[in-house]
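Let me begin by presenting the structure, written as structure tokens, before commenting on it.
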Amino acid sequence: MEPPVTIRALDTGDLAAISDLGVRSKASWGYSSEEMSVFASELTHGTSLLEKSFCARVAVDPSGNILGYFSLLDRSSQIVELDYFFVSPEHFGNGIGTRMMEAAFEESRARRARKMTLISDPNAAGFYEKFGFRIVDHHQSSIAGRSIPIMEKVLS
């Protein structure tokens, strides 16, 4: 059963909570402690997340607990990038990701974006494919010898 969720603007008071959430979500894929130390540094957010994103949102439950977050970047006049997209592992499969993706699409279309791109964790590619994203290339990860998919979706 999907809990009641509100999507609201992310603010500086949320940065510690989303950093923890992102690390817990990434760890749910079973990465080694060495890999997680690299990811933890990449997922510890400061105010630069808010400064570089045209849209940063959190999904919260009625008590204000953060269940997920995402951010969007302008890449060109018609392309946006889904920069971060994480759901708390305790809420996988509860529709939180779907609500967040719908909000990300809505924000992108409001900017008249024609395409959304993202760099996916290999484990999450199937989630994005359900929303019409397709793999168009691969990118070298911050982990040596690891390649990660670059995905895109045409927005109509």
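The values are calculated or read from the model by the stated rules, or taken from the named source; none is laboratory data. On a predicted model such as this, the values are computed, not experimentally measured, just so you know. Here the Cβ positions follow ideal geometry from the backbone for every residue, glycine too, while neighbour counts run over all protein chains shown.
Data table
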| quantity | calculated |
| --- | --- |
| Residue, farthest from LEU82 (Cα to Cα), within region 24-38, restricted to residues that are surrounded by 14 or more Cβ atoms within 10 Å (Cβ to Cβ) and either within 14 Å of the chain's Cα centre (by Cα) or among the charged types (D, E, K, R) (or both) | GLU35 |
| Qualifying position, being surrounded by 14 or more Cβ atoms within 10 Å (Cβ to Cβ) and of a type outside the set (Val, Ile, Thr), among ALA124, ALA110 | ALA124 |
| Single residue of region 71-90 satisfying the filter (in a strand (DSSP E or B) and touching a residue at least 60 places away in the same chain (Cβ under 8 Å)) that is surrounded by the fewest Cβ atoms within 10 Å (Cβ to Cβ) | TYR84 |
| Single condition THR117 does not satisfy, out of (1) part of a strand (DSSP E or B); (2) of a type in the set (S, T, N, Q); (3) in contact with a Ser or Thr (Cβ under 6 Å, 6 or more places away or on another chain); (4) within 19 Å of SER141 (Cα to Cα) | (3) |
| Single residue of GLY13, GLY46, GLY93, GLY64 found to be loosely packed, with under 13 Cβ neighbours inside 10 Å, within 22 Å of GLY126 (Cα to Cα), more than 13 Å from the chain's Cα centre (by Cα) and not hydrophobic (A, V, I, L, M, F, W, C) | GLY93 |
| Yes/no for ALA144 being buried (at least 19 other Cβ atoms within 10 Å of the Cβ) and assigned to a loop (DSSP other than H, G, I, E, B) | no |
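Residue by residue, here is whether (1) touching a strand residue (DSSP E or B) at 6+ places or on another chain (Cβ under 7 Å); (2) outside any loop (DSSP other than H, G, I, E, B); (3) under 14 Å from LEU15 (Cα atoms); (4) at pLDDT below 95 holds:
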position: GLY46; (1), (2), (3), (4): no, no, yes, yes
position: ALA56; (1), (2), (3), (4): yes, yes, yes, no
position: SER63; (1), (2), (3), (4): no, no, no, yes
position: TYR69; (1), (2), (3), (4): yes, yes, yes, no
position: GLY93; (1), (2), (3), (4): no, no, no, yes
position: ALA104; (1), (2), (3), (4): yes, yes, no, no
